[in-house]
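Beneath this line is the structure, given in structure tokens, with notes to follow.
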Amino acid sequence: MAADHGHAHPHASADADRRWLAGALAVITAFMVSEVVVGFIARSLALLSDAAHMLTDAGSIALALWAIRLAARPAQGRMTYGWKRVEILSAQANGVTLLVLAGWLGYEAIGRLIDPSEVTGVLVLVTALVGVVVNVAATWMISRANRASLNVEGAFQHILNDLFAFIATAVAGLIMVFTGFARADAIATLVVVALMVRAGVGLVRAASLVLIEAAPAGIDPDAVGRAMAAHDSVVEVHDLHIWDITSGTTALSAHVIIADGHDYRATLSDLAKLLAQEHDIVHSTLQLDPARESEGGVVGAVAVNSLCEDPHGPTHRSTDN
């Protein structure tokens, strides 16, 4: 039996990510406090909803910073992967908070549509325009971080949706200033709710797929199995598993049956190159075993199956290619 375990991790600077996220957090927090005050004075649900969203923005960035810090810890003890999965949990938490907030704001907005209250349009408009500038700055800062990370992407989606919210609120404020149409405030809130639901569902789905160890998007496990089985030395590939440890860190494990007379080290090296070059998988663990002769003297599919009584998932054989 032979095994290979290769490692490769993206080397985007965690320190740089932390700096960009911390800068965005400072900008968001300072403006959020001001917006709460103005929102109460103007009696604007749209402004208060934006402020509430900004509070979750600040929380999402703080959570992302905490997750980055934990993920940097080395693997040890029971944490054989380290704390990298915390970034995925952070992304899922950000998605869930978007959905919860969207539910609350949607309920309040529908109430305002039925029974609109007086809103000071000028204050709403001015505050929203300032909010657009602040959120453009914060969105730019977070976009400079590594958005390939679901953790960072979760914080980015919070800020981006808040930018959309301020744009919608500014439009509502403009309408109220010139027409006095108070329901524009609630309509703007509902537009933002729709955007929040879309982003929240996307984040929760992406994070959940990582947590249940589904194959990453863009990778076809059957295609990988067939490519491995097509190697001259390989008789069969089974127990093939492909999953993301965290964003950008894909892992693979498989049981590979080798035909008699072939060099194990050379086969191992060839398969590692195949996975890295054609499928961008460089973190792999391969168990290589020889094909065995069954009791009836038949070597091949029957013999291979006897090596693994309960193979997980489909079996890929050289004869299938």
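The values are calculated or read from the model by the stated rules, or taken from the named source; none is laboratory data. Predicted, not measured: the structure shown is a model, and the values here were computed from it. Using ideal geometry, Cβ is built from the backbone for each residue, glycine included, and neighbour counts are taken over all protein chains shown. Areas reflect the complete protein model, heavy atoms only, side chains present, ligands, DNA and RNA absent. Shrake-Rupley method; radii C 1.70, N 1.55, O 1.52, S 1.80 Å.
Numbers below:
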{"quantity": "Check on Val201, in the same structural domain as Ala91 (by the TED database), out of contact with any Leu (no Cβ under 6 Å at 6 or more places or on another chain), farther than 20 Å from Ile41 by Cα and open to solvent by less than 30 Å² (accessible area, probe 1.4 Å)", "calculated": "no"}
{"quantity": "Filter result (modelled with pLDDT under 90, out of contact with any helix residue (DSSP H, G or I) (no Cβ under 6 Å at 6 or more places or on another chain) and not aliphatic (A, V, I, L, M)) within the range 240-264", "calculated": "Gly248, Thr249, Thr250, Asp260, Gly261, His262, Asp263, Tyr264"}
{"quantity": "Scan of the range 100-119 for residues that are out of contact with any Leu (no Cβ under 9 Å at 6 or more places or on another chain) and open to solvent by 60 Å² or more (accessible area, probe 1.4 Å), ordered by number", "calculated": "Val100, Trp104, Tyr107, Ile114, Asp115, Glu118"}
{"quantity": "Ala230 being surrounded by fewer than 17 Cβ atoms within 10 Å (Cβ to Cβ), over 30 Å from Val86 (Cα atoms) and aliphatic (A, V, I, L, M)", "calculated": "yes"}
{"quantity": "Residue match in the range 177-190 (condition: buried (at least 24 other Cβ atoms within 10 Å of the Cβ), charged (D, E, K, R) and assigned by the TED database to the domain that holds Glu87)", "calculated": "yes"}
{"quantity": "Qualifying positions in the range 124-144 - open to solvent by less than 10 Å² (accessible area, probe 1.4 Å) and either closer than 18 Å to Arg19 by Cβ or not in a helix (DSSP H, G or I) (or both)", "calculated": "Ala138, Ile142"}
{"quantity": "Ala145 assigned by the TED database to the domain that holds Arg18 and touching a helix residue (DSSP H, G or I) at 6+ places or on another chain (Cβ under 6 Å)", "calculated": "yes"}
{"quantity": "Every residue from the range 226-271 that is aliphatic (A, V, I, L, M) and either within 30 Å of Ala145 (Cβ to Cβ) or part of a strand (DSSP E or B) (or both)", "calculated": "Val234, Val235, Val237, Leu240, Ile242, Ile245, Ala251, Leu252, Ala254, Val256, Ile257, Ile258"}
{"quantity": "Complete set of residues in the range 208-225 that are in a loop (DSSP other than H, G, I, E, B) and either open to solvent by less than 30 Å² (accessible area, probe 1.4 Å) or in contact (Cβ under 8 Å) with a residue 24 or more places away in the chain (or both)", "calculated": "Glu213, Ala214, Ala215, Pro216, Ile219"}
{"quantity": "Ala91 vs. criteria more than 28 Å from Leu123 (Cα to Cα), outside the structural domain of Lys273 (by the TED database), modelled with pLDDT under 80 and of a type in the set (Gly, Ala, Ser)", "calculated": "no"}
{"quantity": "Any hit, the range 243-255, residues being open to solvent by 40 Å² or more (accessible area, probe 1.4 Å), over 22 Å from Gly154 (Cβ atoms) and of a type in the set (A, V, I, L, M)", "calculated": "no"}
{"quantity": "Qualifying residue in the range 161-172 (condition: open to solvent by 60 Å² or more (accessible area, probe 1.4 Å), at pLDDT below 85 and part of a helix (DSSP H, G or I))", "calculated": "yes"}
{"quantity": "Residue in the range 177-187 that is over 21 Å from Ala138 (Cα atoms), of a type in the set (Asp, Glu) and either part of a helix (DSSP H, G or I) or within 24 Å of the chain's Cα centre (by Cα) (or both) present", "calculated": "yes"}
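Yes/no matrix, rows are residues, columns are (1) at pLDDT 90 or above; (2) touching a Ser or Thr at 6+ places or on another chain (Cβ under 9 Å); (3) closer than 30 Å to Tyr107 by Cβ:
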| site | (1), (2), (3) |
| --- | --- |
| Gly200 | no, yes, yes |
| Leu203 | no, no, yes |
| Gly225 | yes, yes, no |
| His283 | no, yes, no |
| Arg292 | no, yes, no |
